[in-house]
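First the structure, in the form of structure tokens, and then the observations on it.
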Amino acid sequence: MQKVKIINTNAIHETEFIQGRKGEYRAIVKVKAGFMVTVNDIGIENKWGRQNWNSAMDVFNNFKKGTLQTIEFKAKGSDTWLTVFARKANKVILMDTDMFMNMTVGDINQNWSNTNLYNQNNYKLCKAKTWGDNAFVMN
């Protein structure tokens with residue numbers, strides 16, 4: 001299997017923890033009061049029938065603009081939580097390869113246009129023309 005080239009002109013640090021594996025996700029979010037809280041997959045925790053977080057992108061797209069700070073992943077069969085997405089102020093400093101591979105221009109433009117993820121030059125290098133196109137891999 002040939003590895004797909006990620007186009008990352010912002011030099012966001014890349015991790016390879018998820019690797020297509022199943023597992024659990026949790027998020028660190030900033031609440032209106034200004035402090036951070038940990039949010040587990042509400043669909044699993046409360047059995048409300050809500051869509052569960054099956055990928056880091058599910059978590060990424062699940063929060064209001066400016067609230068998501070970190071996404072952590074625990075692979076099935078493991079007891080260790082690993083950071084697969086992290087931001088500091090308006091700068092994303094770390095992101096997992098699975099997120100780079102699956103993130104679209106629309107994912108960024110919707111709530112992340114004030115961060116370093118928003119990069120017209122990167123979109124151009126990926127030949128992205130619409131919000132549905134990939135933001136970090138060739139279209």
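Nothing in this text is a laboratory measurement; each read-out follows from the coordinates by a stated rule. Here the structure is a predicted model, which is why all the values come from computation and not from measurement. Ideal geometry is used to build each Cβ from the backbone, glycine not excepted, and the neighbour counts take in all protein chains shown.
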Sorted by Cβ density within 10 Å, fewest first, the residues TRP81, TRP112, TRP131, TRP53: TRP131, TRP81, TRP112, TRP53
If r is the Cβ-Cβ distance from LYS3 to LYS88 and R0 is 30 Å, what FRET efficiency results, to the nearest 0.05? 0.60
Over the Cα atoms of region 13-103, what radius of gyration and what Dmax do you get, in Å? 12.7, 35
Residues whose modelled amide H sits under 5 Å from the amide H of THR15, counting only those 5 or more places away in sequence or on another chain, are MET95, ASP96, THR97
Between VAL31 and MET101, what FRET efficiency comes out of the Förster formula 1/(1 + (r/R0)^6) with R0 = 22 Å and r the beta carbon distance, rounded to 0.05? 0.15
In deg cm²/dmol, rounded to 500, what helix-only [θ] at 222 nm does the chain give when every DSSP H run of at least 4 residues adds -39500 (n - 2.57) and the total is split over its residues? -4500 deg cm²/dmol
Violating pairs (Cα-Cα greater than 21 angstrom) within the set LYS5/LYS88; LYS32/LYS64; LYS22/LYS129: LYS5/LYS88; LYS22/LYS129
